[in-house]
1. Going through Ala184, Ala178, Ala173, Ala144 one at a time, which residue ends up being crowded, with 17+ Cβ neighbours inside 10 Å and in contact with a strand residue (DSSP E or B) (Cβ under 6 Å, 6 or more places away or on another chain)?
2. Which members of segment 53-67 meet the condition of being open to solvent by 20 Å² or more (accessible area, probe 1.4 Å) and in contact (Cβ under 8 Å) with a residue 60 or more places away in the chain?
3. Which one of Asp50, Asp70, Asp36 is open to solvent by less than 40 Å² (accessible area, probe 1.4 Å), free of Cβ contacts under 8 Å to residues at least 24 places away in the same chain and out of contact with any Lys or Arg (no Cβ under 7 Å at 6 or more places or on another chain)?
4. Show the residue pairs meeting these rules: Cβ distance below 6 Å; 6+ apart or different chains; first residue within segment 173-191 and without any contact (Cβ under 8 Å) to a residue 40 or more places away in the chain; second residue open to solvent by 50 Å² or more (accessible area, probe 1.4 Å).
5. Residue check, Ala154 against (1) touching a helix residue (DSSP H, G or I) at 6+ places or on another chain (Cβ under 6 Å); (2) modelled with pLDDT under 95; (3) hydrophobic (A, V, I, L, M, F, W, C), all met but one. Which one?
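The values are calculated or read from the model by the stated rules, or taken from the named source; none is laboratory data. Not measured: the values here are computed from a predicted model. Note: ideal-geometry Cβ built from the backbone for every residue, glycine included; neighbour counts use all protein chains shown. Calculation scope for accessible area: heavy atoms of the full protein, side chains included, ligands and nucleic acids excluded. Shrake-Rupley method; radii C 1.70, N 1.55, O 1.52, S 1.80 Å.
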Amino acid sequence: MTSGRVTVYFAALLARTEDGWEASDTELDDVETLSDLADLAREAAADGADDTVLVFIEQEDAWFGVVRVDGEEDPRVFVSNAAVAARSSYGAMLTDELLGHDQDDEEDELEALDLDGTEDGYEEEEAQSATDDPDDGDDPSDGAVPAGPLGESAILADLGIGERDLLALDGDALVTIADALGAAEVLEAVR
């Protein structure tokens, strides 16, 4: 719950099989890292470890993420709006991985701070300023989360969704992606 508002996530797995795509909704409650998410995706692979599995995560049309797992290869990730996603638990999991942030280090830094309560709202102000000017010179290597897309924008290119098309998506992006993959009906069935 955020500011009196419930944050709504949608998460689904799409596994490619010989017969097409199979979809299943998934709970992310026990997923804390990208590695956990990749393991969950591999478990969903119907025909074996070499199947392609896509994990879709969406937060109220504010941002979406696609994680692609091909067998035992490292997962590939795309997030539509990193600055917005980083403010949510599941989005932060993806953006932290893409930016090389270590969650344990961040928790240690917070514990070391002498917080007196006057900093309430600081994180929201900082996140807002990160989205105000996308050309403010933020470099992902300095620890800042860039506004806009982050990750591998060509993640679905071999499946028929080019880089330009993926970057242009907004609104109900996951339905558009599923439609292009020929999986709209199976995704809708779990939605």
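1. On the way: Ala184 fails: in contact with a strand residue (DSSP E or B) (Cβ under 6 Å, 6 or more places away or on another chain); Ala178 fails: in contact with a strand residue (DSSP E or B) (Cβ under 6 Å, 6 or more places away or on another chain); Ala144 fails: in contact with a strand residue (DSSP E or B) (Cβ under 6 Å, 6 or more places away or on another chain).
None of the others qualify; the one that does is Ala173.
2. Start the filter on segment 53-67 by keeping residues that are open to solvent by 20 Å² or more (accessible area, probe 1.4 Å), which leaves 59-62.
Matches in segment 53-67: Asp61 only.
3. Working: Asp50 fails: open to solvent by less than 40 Å² (accessible area, probe 1.4 Å); Asp36 fails: open to solvent by less than 40 Å² (accessible area, probe 1.4 Å).
On inspection, the qualifying residue turns out to be Asp70.
4. Ala180/Gly160
5. (2)
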